[in-house]
Amino acid sequence: MGVVVISGGTNGMGRALALGRAERGDRVLVLGRSRERGEALAGGSIAFLRVDLSSVAETRQVIEHILSEYEAVDALALFANAVAPRRIVTVEGMERTFALYYLSRYLLSFGLRPALDRAVAPVIVNVAGVGVTKGKVHWADPQLASGYSAIAAQLQAGRANDLLGVGFAQRSGSRARYVLYHPGFTKSGDRSPLPLVVRGLLAVAAVAARPVADAVAPIHQFLDAPPAAPVTAVDREKRLPPSFPTLDPRDAERLMDLTEKLLN
């Protein structure tokens, strides 16, 4: 029995993973914004903490809580994300997609290191879009103050998460193995914020989408038997080489420097 922390675990793939780990006997802590969905999920070996992960301050508070309540964390699974058709700025001045989809994952990965390193075989699974080469980190304007679009924001945060895995392996000194995992298009997630036309197109595409159980199955494998390498990138069933363009170690160093400046 281990402790598994899941960000964005109140619906979709995160919820499925939480239920699956509980069935396997793990203690599961789900982090999410929806109190209604979280409390409906909680019970037995599943606990819920309400947190707005787009808030740096709230995310840091949750990290402190976890470190005080759990001696060791065996696995951290990162799912939290939401599409924002219009640019939203958080109270801390961050573009919301960047804050939720990337910064919260950076903070949880590095912040929970002490508890992860006390586990026997710790692992972090970052569920994003590794293997996709479209999009980029906008180094001069990571908050997308000019030229914002939902697609640009999602692609930027996805590319940043690729580099986060590499940067964590380079900088953290942690024993935790870092897995970047792209499940492919899955019947998962809340599409309600999207325009009606986009929701309609996605509903049509969802006919060919992977069932949630199929998309989550590899994550169970990563948690049960973490890879030997410090960082592993898997695009659906394909393992990517360290030389893959979005995993450049120099860009990872650059992003880690940029992130530290943004958070200080």
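Rule-based calculations on the coordinates, nothing more; no lab input. Computed from a predicted structure; not experimentally measured.
Straight-line reach from residue 238: which aspartates and glutamates have Cα under 16 Å away, leaving out those fewer than 8 places along the same chain?
Filter leaves 162, 214.
How much mean residue ellipticity at 222 nm does the chain get from its helices, if each DSSP H run of length 4 or more adds -39500 (n - 2.57) and you divide by all residues, to the nearest 500 deg cm²/dmol?
-12000 deg cm²/dmol
Filter the DSSP H helices in the chain by two things, a Kyte-Doolittle mean of at least -1.0 and an axial alpha-carbon span of 27 angstrom or more, and list the hits by number.
Long hydrophobic helices here: 150-171.
Taking the chain on its own, what percent of its Cα-Cα pair distances exceed 22 Å?
So the portion of pairs separated by more than 22 Å is 52 percent.
Any idea what the alpha-carbon Rg over 2.2 N^0.38 Å comes to for the range 16-78?
Working it through for the range 16-78, the quotient is 1.10.
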